[in-house]
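Data block below; observations after.
The values are calculated or read from the model by the stated rules, or taken from the named source; none is laboratory data. In this text the structure is predicted, and so the values were computed from the model without any measurement. When we count neighbours, we look across all protein chains shown, and the Cβ atoms used for this are built from the backbone with ideal geometry, even at glycine.
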């Protein structure tokens, strides 16, 4: 029998996705749970498995098409009756799709019970395989590692030159790149420059200058989410200065021992995370979301961390972050960030956030106005720590100073609540000293 494979629900709050690249072709035989297609959402990229064994029929959604959950993506010929759904019934508990980072703005619905991350020591992780073709999915990397294959030898035929599982399998079977890859133009090739517009044309002269770059699915998702956030929340913004002398001293005292114990550097981020969690307990309306005629206060503090990835960002979430020590936060954050940047992020890594912290200062920024991660109440940015002269008592001293910048939804909170949140973060950070315990 023939069945129609539909866009699956890839997460609790995911309602749509963009077809990234097809991993199969019409007429190709597949087994149950074989990957059919990569789907890019505003959270992650997932490889959608086949709901049954059969032969791929018609491709109903080409690469680049945006679909909502439940829309058809392809047909499957000769499938058995158990595969008559777009995704297998929940009772069958199939393997979860392998996911990799995409633009991450976690949409929060009333939270499900969260489990804390185990604050175990995380050592340095090996670098992902080099890939001249761009992003390599975890499934492809795992297959290559299993056969000891250097992916530099494989040419990709997927979206934007990506290496697919089929490319790897063809290479392993034939010992050479797939035929399609051999004839495909290099991934880095660019489109020919636009034709010159005559000066006497009615079109402005500037139209002839520059190059048109089609939005990638990731950039398209970022654009949609940012516009929706600005249209949804009346953004307000405020800032406070923080003297980071105590934090710098505490970091210097513990840095070497922490490095020896965990293999990681002790940054300023976990100190800011600890201060943020304490401030959210003091101002619960900042750990909330707007729901028509009410404000819903979140029971748990699930702290999202904005992480830059190629061509976008992802927001992995430290669940129940207020239960961690400074060292525990450092290790939990390092693990999530490493997974996000190495292409091993899981769907649960980016769901359920209740508040977002952005360490933009790591990129050198000194004053930031961030856009709120919908439907959260606010987003806090820690900017760069800059040594500058400040008045201390009746004297002038050189101190490491940092700007804390808060964008908040004015429907939920007013300036007084914003000032209280920033004041609590500032007060806790400035009270840190070399004797402050990190464990």
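Return yes or no: is residue 404 in contact with a strand residue (DSSP E or B) (Cβ under 6 Å, 6 or more places away or on another chain), touching a residue at least 12 places away in the same chain (Cβ under 8 Å), in a helix (DSSP H, G or I) and assigned by TED's automatic domain parsing to the domain that holds residue 226?
When the stated conditions are applied, residue 404 does not pass them.
Conditions (1) farther than 25 Å from residue 331 by Cβ; (2) loosely packed, with under 11 Cβ neighbours inside 10 Å; (3) assigned by TED's automatic domain parsing to the domain that holds residue 381; (4) at pLDDT below 90, marked per residue:
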site	(1), (2), (3), (4)
189	yes, yes, no, yes
211	yes, yes, no, yes
214	yes, yes, no, yes
293	yes, yes, yes, no
298	no, no, yes, no
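Which residue, of 253, 199, is out of contact with any strand residue (DSSP E or B) (no Cβ under 6 Å at 6 or more places or on another chain) and either surrounded by 15 or more Cβ atoms within 10 Å (Cβ to Cβ) or at pLDDT 80 or above (or both)?
253
In the set 71, 16, which member is in contact (Cβ under 8 Å) with a residue 40 or more places away in the chain and under 20 Å from the mean Cα position of the chain (by Cα)?
Selected residue: 16, the only one of 71, 16 that is in contact (Cβ under 8 Å) with a residue 40 or more places away in the chain and under 20 Å from the mean Cα position of the chain (by Cα).
Kindly provide the set of residues from region 12-49 that are touching a strand residue (DSSP E or B) at 6+ places or on another chain (Cβ under 8 Å), assigned to a loop (DSSP other than H, G, I, E, B) and surrounded by fewer than 23 Cβ atoms within 10 Å (Cβ to Cβ), ordered by number.
15, 24, 25, 26, 27, 28, 32, 33, 34
What are the residues in region 324-352 that are within 12 Å of the chain's Cα centre (by Cα) and under 24 Å from residue 411 (Cα atoms), if any?
Of everything in region 324-352, just one residue is within 12 Å of the chain's Cα centre (by Cα) and under 24 Å from residue 411 (Cα atoms), namely 351.
Confirm whether residue 372 is within 11 Å of the chain's Cα centre (by Cα), in the same structural domain as residue 322 (by TED's automatic domain parsing) and under 20 Å from residue 273 (Cβ atoms).
no
What's the total number of residues in region 50-61 that are in contact with a helix residue (DSSP H, G or I) (Cβ under 8 Å, 6 or more places away or on another chain) and either in a strand (DSSP E or B) or more than 16 Å from residue 79 (Cβ to Cβ) (or both)?
Final tally of qualifying residues: 1.
Which of the numbered conditions does residue 263 fail, given that it passes all the others? Conditions: (1) surrounded by fewer than 21 Cβ atoms within 10 Å (Cβ to Cβ); (2) on the phi < 0 side of the Ramachandran plot; (3) touching a residue at least 60 places away in the same chain (Cβ under 8 Å).
Condition (2) is where residue 263 drops out.
Looking only at region 281-291, which residues are assigned to a helix (DSSP H, G or I), in contact (Cβ under 8 Å) with a residue 40 or more places away in the chain and either out of contact with any helix residue (DSSP H, G or I) (no Cβ under 6 Å at 6 or more places or on another chain) or surrounded by fewer than 22 Cβ atoms within 10 Å (Cβ to Cβ) (or both)?
The answer is 281, 282, 285.
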